[in-house]
Amino acid sequence: MGKIFKFGQDVDTDQIIASQYIIYPTIDEMKVHTFESLDTDFASKVQPGDYVVASENFGCGSSREQAPTVLKALGVKAVIAKSFARIFYRNAINIGLPVIVCKELYDNVNAGDEMELFMQEGVVRVNEKEYACTKLPEYMQGILDQGGLIASLDRD
Amino acid sequence: MGLTIIEKIVRNNIGKEVRPGEIVTVNVDRVMIHDIFIPFVASKFEEMGFTKIWDPDKAVLIYDHLVPASQVDDTRHFRIGNEFVEKYDMKNIHRSDGICHQLMTEAGYVKPGNIVFGTDSHTTTYGCVGAFSSGIGYTEMASILGTGTLWIRVPETIKVNITGKLPENVMAKDIILKLIGDLGADGATYKALEFTGDTVENMTVASRMCMSNMAIEAGAKCALFSPDEKTAEYCGITLTEKEQDLVGDADAQYCRVIEYKAEEFVPVMACPSNVDNVKPVTELVGKNIDQVFIGSCTNGRLEDLMAAAEILKGKQVAPFVKLIVTPASRKIYQEATKNGTLAVLAEAGAIITHPSCGLCCGRTGGILTDGETVIATNNRNFLGRMGTSKVNIYLASPKTAAACAIEGKIVAP
């Protein structure tokens with residue numbers, strides 16, 4: 001079980017990790033600034049296994065791979081949104097951060113709710129209810145299952 | 001059944017017909033890496049165990065976001081970039097020639113029908129010459145550098161047909177902002193845009209560039225214009241039969257067709273803090289402003305600087321307003337010097353900076369603070385993009401921006 005951190009629509013990559021931090025040499029130095037403009041304490045509150053839940057178009061904006069990378073580094077188990085922006089979505093899969101499309105979840109949960117994701121089954125369970133998620137295309141699930149693009153290249 | 005432009009480009013690349021939704025592996029014609037991400041690309045490349053770049057001539061490294069360095073840490077990016085270039089025998093590097101997206105077409109790295117990926121999201125720009133180009137992350141860039149290939153999902157296409165003559169003082173920027181407002185920030189996600197109609201046929205390549213540049217703000221994967229005589233002249237080539245055929249077929253399948261009459265466009269602005277929050281300038285008139293920025297890979301080209309100069313000629317920037325002008329490349333800077341454009345802007349009171357990303361990426365050259373308002377010609381008005389998260393950023397065309405600079409408040413050009 002993990003706790004839900006809830007964000008709205010069109011959350012852009014500047015809001016996930018702002019420009020001034022993405023040139024820090026390491027992800028560990030960057031990650032403490034995650035979501036800083038939306039929730040200054042996010043990085044200290046989030047625990048490994050927690051979830052980010054958002055509305056439409058999560059991760060729009062720049063191509064910065066640091067955006068999914070800081071979320072993964074903070075231990076976010078998955079981002080579950082109504083929809084994702086294209087580059088964020090690819091980047092997340094390539095670094096092994098599950099990004100799950102679930103149309104119904106956002107409107108039915110609150111920040112702080114305890115949730116569990118069953119990725120193989122394609123469902124999330126929260127507040128004693130289950131919500132169906134869209135499954136990834138096989139090719140992308142393959143990359144994710146192996147832990148990201150680098151791990152999948154090693155396998156090939 | 002007919003094909004859209006993107007379906008033809010992918011077919012020509014992999015040698016078989018494709019349909020939207022298919023996942024295919026394409027051969028990459030060119031890649032662009034910029035200074036912000038080169039340290040990450042370099043470390044991932046080595047982590048992946050590659051020892052050489054698949055084709056060093058196809059890779060281009062451009063320093064633009066951090067040029068010239070404004071903080072000591074920025075120089076680390078140049079050092080790592082220079083070492084990478086040396087170690088892997090790259091020849092194409094630009095250390096202070098201008099913004100990556102301007103240079104990729106201006107310096108002839110991208111041709112019609114090419115497939116190009118870049119580490120910056122505005123890589124969609126090269127659709128202006130009929131190339132399929134899109135932004136990716138640094139891990140995928142490292143993977144392309146080693147393999148020369150990338151998997152893509154063939155996108156559906158939204159056709160945008162624009163006919164007629166644009167009103168005076170309406171620029172390509174007003175068209176693309178209106179389209180983003182109509183589509184929404186995710187209205188073209190995973191999709192290709194294809195622009196047709198006599199309005200875009202009559203446009204310069206520079207104006208087309210402004211539009212394909214901003215397509216990502218509606219989530220688009222790419223934004224394509226059919227190559228024509230203007231494209232050929234701009235690229236310094238004669239179009240081959242294959243390149244001439246990069247036109248959407250009459251019986252091609254589009255997921256959506258949007259029609260506009262050019263006469264109906266008006267000057268618009270994207271209001272804080274979303275690019276799809278688009279309103280006619282007439283609804284915003286009178287708001288006081290603190291700064292104006294004319295530049296970026298969206299609107300830092302010669303025609304943009306000339307359009308601003310036309311408005312500013314013989315006038316003065318309002319005394320409390322800072323007008324910052326940043327040419328998109330050294331070549332543009334030189335041309336604007338030669339034809340007197342920069343002199344007009346300087347006489348009007350503009351601060352003219354070196355060619356680079358400048359204020360657009362919010363790292364240098366005009367950072368703003370809480371409560372301040374900037375009219376900017378670049379492509380994003382996200383929270384915190386140009387300083388604190390309480391700066392109001394309005395996106396507009398160079399003409400609108402110039403008119404606002406004179407009055408010190410929002411006015412229509």
Give B:L166, B:L193, B:L150, B:L179 a once-over and let me know the one that is part of a helix (DSSP H, G or I) and assigned by TED's automatic domain parsing to the domain that holds B:V26.
B:L179
Are any of the residues in region A:53-63 touching a residue at least 40 places away in the same chain (Cβ under 8 Å), touching a His at 6+ places or on another chain (Cβ under 7 Å) and within 15 Å of A:V76 (Cβ to Cβ)?
no
Scan region A:41-69 for residues that are in a helix (DSSP H, G or I) and among the polar types (S, T, N, Q) and jot them down.
A:S44, A:Q66, A:T69
State which residue is surrounded by the fewest Cβ atoms within 10 Å (Cβ to Cβ) when the search covers only region A:16-61 and only residues that are more than 14 Å from the chain's Cα centre (by Cα), small (G, A, S) and within 12 Å of chain B (Cβ to nearest Cβ).
A:S37
Give the number of residues within region A:94-150 that are at pLDDT 95 or above, within 14 Å of chain B (Cβ to nearest Cβ) and in a strand (DSSP E or B).
2
Let me spell it out: the conditions are (1) part of a strand (DSSP E or B); (2) under 20 Å from B:S212 (Cα atoms); (3) under 22 Å from the mean Cα position of the chain (by Cα), and B:E259 meets all of them except one. Which number is the exception?
(3)
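Is it true that B:K331 is of a type outside the set (S, T, N, Q), within 24 Å of B:S70 (Cα to Cα) and in contact with a helix residue (DSSP H, G or I) (Cβ under 7 Å, 6 or more places away or on another chain)?
yes
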Among the residues of region B:227-256, how many are surrounded by 15 or more Cβ atoms within 10 Å (Cβ to Cβ), part of a loop (DSSP other than H, G, I, E, B) and hydrophobic (A, V, I, L, M, F, W, C)?
5
Can B:T139 be described as within 14 Å of chain A (Cβ to nearest Cβ), touching a residue at least 60 places away in the same chain (Cβ under 8 Å) and in contact with a Leu (Cβ under 6 Å, 6 or more places away or on another chain)?
yes
Is it true that some residue in region B:189-210 is buried (at least 24 other Cβ atoms within 10 Å of the Cβ), closer than 15 Å to B:N379 by Cα, touching a Phe, Trp or Tyr at 6+ places or on another chain (Cβ under 9 Å) and away from chain A (no Cβ under 14 Å)?
yes
Any pair with Cβ under 9 angstrom, 6 or more apart, that starts in region B:394-408 at a residue that is more than 17 Å from B:K178 (Cβ to Cβ) and ends at one that is of a type in the set (D, E):
B:A402/B:E310; B:G408/B:D290
Within region B:334-389, the residues that are more than 27 Å from B:A218 (Cβ to Cβ) and of a type in the set (A, V, I, L, M) are B:A336, B:L342, B:A343, B:V344, B:L345, B:A346, B:A348, B:A350, B:I351, B:I352, B:I367
Scan region B:95-136 residue by residue and report those that are in contact with a Pro (Cβ under 8 Å, 6 or more places away or on another chain) and either at pLDDT below 95 or small (G, A, S) (or both).
B:S96, B:G98, B:G113, B:G130, B:A131
Filter result for B:S133 (more than 8 Å from every other protein chain (Cβ to nearest Cβ) and either surrounded by 24 or more Cβ atoms within 10 Å (Cβ to Cβ) or under 14 Å from the mean Cα position of the chain (by Cα) (or both)):
yes
Starting from region B:72-88, take each residue that is surrounded by fewer than 16 Cβ atoms within 10 Å (Cβ to Cβ) and list its partners that are assigned to a loop (DSSP other than H, G, I, E, B), counting only C-beta distances under 6 angstrom and pairs at least six apart or across chains.
B:T75/B:A69
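Sort through B:G384, B:G300, B:G295, B:G358 and tell me the only one that's within 14 Å of chain A (Cβ to nearest Cβ), crowded, with 24+ Cβ neighbours inside 10 Å, closer than 19 Å to B:L66 by Cα and small (G, A, S). Don't jump to the end; show me each part of the working.
Details: B:G384 fails: crowded, with 24+ Cβ neighbours inside 10 Å; B:G300 fails: within 14 Å of chain A (Cβ to nearest Cβ); B:G295 fails: within 14 Å of chain A (Cβ to nearest Cβ).
Being within 14 Å of chain A (Cβ to nearest Cβ), crowded, with 24+ Cβ neighbours inside 10 Å, closer than 19 Å to B:L66 by Cα and small (G, A, S) holds for just one of B:G384, B:G300, B:G295, B:G358, which is B:G358.
The values are calculated or read from the model by the stated rules, or taken from the named source; none is laboratory data. These numbers were taken from a predicted model, which means no experiment stands behind them. Neighbour counts are summed over all protein chains in view; Cβ atoms, including those assigned to glycine, are modelled from backbone coordinates with ideal geometry.
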